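A.B. asks: The structure's right below; bear with me while I get my questions together.
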Amino acid sequence: MTPVLELDRVSFAYRGSAAPVVEDVSLTVADGQSLALVGESGAGKTTLLRLLLGLTRPTSGTVRFGGDELRLGDRELMRRFRRGVQCVFQDPYSSLDPRRRIGSIVAEPLRSLGLETRHTAGPRVAAALERVGLPADAAERYPHEFSGGQRQRVAIARATVCEPRVLLADEPVSALDVTTRVAVVELLNELKREQGLTLVMVSHDLSVVASLCERTAVLENGRVVEEGDTARVLGAPAHPYTTRLVESVPRLPGPRD
Amino acid sequence: MTILDIRDLTIRTAGGRVLVDGLSLSLAPGQRLGLIGESGSGKSLTSLAVLGLLPEGMAASGSVELAGTQVVGASERRLAKVRGRDAAIVFQEPLTALDPLMRAGRQIAEPLRRRGLSGTELRRAVLAALERVLLPEPERIARAFPHEMSGGQRQRVALAMALACEPKLLIADEPTTALDVTVQAELLDLLDALVREREMAVLFVSHDLAVVAKVADRVLVLKDGRAVEEGDVRDIVTAPREPYTRALVASARQLESALDRRSGR
Ligand SMILES: Nc1ncnc2c1ncn2[C@@H]1O[C@H](COP(=O)(O)OP(=O)(O)OP(=O)(O)O)[C@@H](O)[C@H]1O
Ligand SMILES: Nc1ncnc2c1ncn2[C@@H]1O[C@H](COP(=O)(O)OP(=O)(O)OP(=O)(O)O)[C@@H](O)[C@H]1O
Ligand SMILES: [Mg+2]
Ligand SMILES: [Mg+2]
């Protein structure tokens, strides 16, 4: 089966810097096989998501969506892409337009895809906000009136409101308290089950990775050092960095130790 | 002796909505208090109120005494003297704290210059500050603008800025959310060392109970702007009393066991 998304020997260097931050990365995302990207801070995870979104062009190698090379110039392909792929950025505040109300922000994908108008989007927006545990009157307020975790949930509501096939999410639950985090993880699992959503997720929280992703790729210094079934990668790491990662997870003191 | 004494702090919006309700807490030098609780419960607003940094239109009442200065109702001039010297803050979203048009090195140099450093000495101190928070390639980061860094790199620059002030109290609002667990563990050790060597006090806001258990001695649990439980961090994590705290700890254990199941531990 053709993968939904594919990175084929992709390298990328930021302009003006000699060293590439992504080096010869090949990864495929198959339908229903959610992929986690984990690894060091600065390893290139956000850059990989930007490449997958077509926001950044690889210096060499190819990014494909449904088998076709992702090119911003290809109108028809980009229309399909925008219909099928949504994203949640790492820094929720800077990705929410401060001058627009939450209701209009969340409705944006519905409007730009022509699925709803400003007048008809209300119920779906309200449902999306409710699913992430935000009050209905949130739609009337502006981003600066919300806490960090509330803004992160606004970004999740916006990205899931139009039932995308793929969700690219960069640290989507990092600002949520554990109870809310469990609820959002459950929501995403439900979308996976019921709408066939496939996730590509960057997360430092290995419990969240274990709860949501079938596959895991470990990045170090712009390279994939290990990739495979999440259970195998986390349970029997083959690379020393992965081992260190799993061993450094902070643990709650046990009930009686 | 206390460095921070908050009594009956209440924060209201211009419209009169109460966001933080009658909160009290205190911290002595060398003490570490964890602030945990639901998303939207008032943790960030409380942290901001300590330095008189509440968003426009919001009003604080009650008392916030920081190293002998009453912050509630204080003039900007008064507050400017306290900020940095007595307490420094790492904001929850580093992008809001960093000046987008200023290279990281210059932003860190500011508090150092105020401490009298200049020239080569200053440059060396800037690099040392970046190295201390485990940034690789400190020279490059010093020359980089905020948008030219990764999320976790920005977070470490923000922490480096706060630590460069050598504050008596460090307020850290979710300072490690963008860091992988290996770097996180090393930074927590760094904070630990500063607490022991310099008697720095820490107010640490975090959603990660395991991290709080490592960093803090005591913990305060917030819900809907009110303190629901306070105590020794170990007691709270191992034997929570209030229903909300119990739910929080249960969720944390649920997530932990998801990892254990998947990795076959
Ligand atoms: N605009 C830019 N110009 C130059 N270098 C950049 C730019 N943006 C990012 N970088 C560098 O590229 C590397 C990879 O960054 P990226 O944001 O992809 O890391 P990441 O894995 O997402 O890290 P984190 O977990 O900290 O968010 C980092 O070393 C970063 O400093
Ligand atoms: N400028 C504002 N105007 C109106 N309400 C606000 C404003 N800023 C914050 N609030 C509200 O105040 C409450 C407390 O916000 P605060 O940012 O302190 O929460 P928090 O505990 O830090 O949450 P999180 O864990 O999600 O960061 C939230 O319900 C939020 O919606
Ligand atoms: Mg990133
Ligand atoms: Mg907050």
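A.B. asks: If A:L48 satisfies all but one of (1) closer than 24 Å to A:S203 by Cβ; (2) touching an Asp or Glu at 6+ places or on another chain (Cβ under 6 Å), what's the number of the condition it fails?
C.D. replies: Here A:L48 meets the rest and fails (2).
A.B. asks: List the pairs whose first member sits in segment A:130-154 and is more than 10 Å from every other protein chain (Cβ to nearest Cβ), whose second member is within 10 Å of ligand 4 (Cβ to nearest atom), and whose Cβ atoms are under 7 Å apart, counting only residues at least 6 apart or on separate chains?
C.D. replies: Correct list of pairs: A:P143/A:R151; A:V154/A:F146.
A.B. asks: Within segment B:164-215, work out how many residues are in contact with a Pro (Cβ under 6 Å, 6 or more places away or on another chain) and within 16 Å of ligand 2 (Cβ to nearest atom).
C.D. replies: Residues flagged as in contact with a Pro (Cβ under 6 Å, 6 or more places away or on another chain) and within 16 Å of ligand 2 (Cβ to nearest atom) within segment B:164-215 amount to 1.
A.B. asks: A follow-up question, please. So, restricting to helices (runs of 4 or more DSSP H) that lie completely within segment B:77-171, which ones have at least 2 residues that are open to solvent by 50 Å² or more (accessible area, probe 1.4 Å)?
C.D. replies: Output list reads B:94-97, B:104-114, B:119-132, B:138-143.
A.B. asks: I would also like to ask the following. Quick test for you: out of A:V218, A:V225, A:V178, A:V200, pick the one residue that is surrounded by 21 or more Cβ atoms within 10 Å (Cβ to Cβ), more than 15 Å from ligand 2 (Cβ to nearest atom) and within 14 Å of chain B (Cβ to nearest Cβ).
C.D. replies: A:V218
A.B. asks: Going by what's in this entry, would A:D170 be described as buried (at least 21 other Cβ atoms within 10 Å of the Cβ) and within 16 Å of ligand 1 (Cβ to nearest atom)?
C.D. replies: In short, yes.
A.B. asks: Related question: Taking segment A:26-53 only, how many residues are polar (S, T, N, Q) and within 14 Å of ligand 3 (Cβ to nearest atom)?
C.D. replies: Residues that pass the stated criteria total 3.
A.B. asks: If you check B:E65, B:E38, which single one turns out to be modelled with pLDDT under 95 and either buried (at least 21 other Cβ atoms within 10 Å of the Cβ) or within 22 Å of B:V195 (Cβ to Cβ) (or both)?
C.D. replies: Of B:E65, B:E38, the one residue that is modelled with pLDDT under 95 and either buried (at least 21 other Cβ atoms within 10 Å of the Cβ) or within 22 Å of B:V195 (Cβ to Cβ) (or both) is B:E38.
A.B. asks: Being part of a helix (DSSP H, G or I), open to solvent by less than 20 Å² (accessible area, probe 1.4 Å) and without any contact (Cβ under 8 Å) to a residue 24 or more places away in the chain is the filter here; which residues of segment B:208-265 pass it?
C.D. replies: B:I236, B:S251, B:L255, B:A258, B:L259
A.B. asks: Show me the strands (runs of 3 or more DSSP E) found entirely inside segment B:1-60 where at least 2 residues are of a type in the set (D, E).
C.D. replies: Counting at least 2 such residues, we get B:4-12.
A.B. asks: Only residues that are part of a loop (DSSP other than H, G, I, E, B) and more than 6 Å from ligand 2 (Cβ to nearest atom): list them for segment A:126-152, please.
C.D. replies: A:V132, A:G133, A:L134, A:P135, A:R141, A:Y142
The values are calculated or read from the model by the stated rules, or taken from the named source; none is laboratory data. Quantities reported herein were computed from a predicted structural model and do not represent experimental measurements. Every residue, glycine among them, receives a Cβ derived from its backbone with ideal geometry; neighbour counts consider all protein chains shown. Remember, those area values only see protein heavy atoms, side chains included, never the ligands or the DNA or RNA. Shrake-Rupley method; radii C 1.70, N 1.55, O 1.52, S 1.80 Å.
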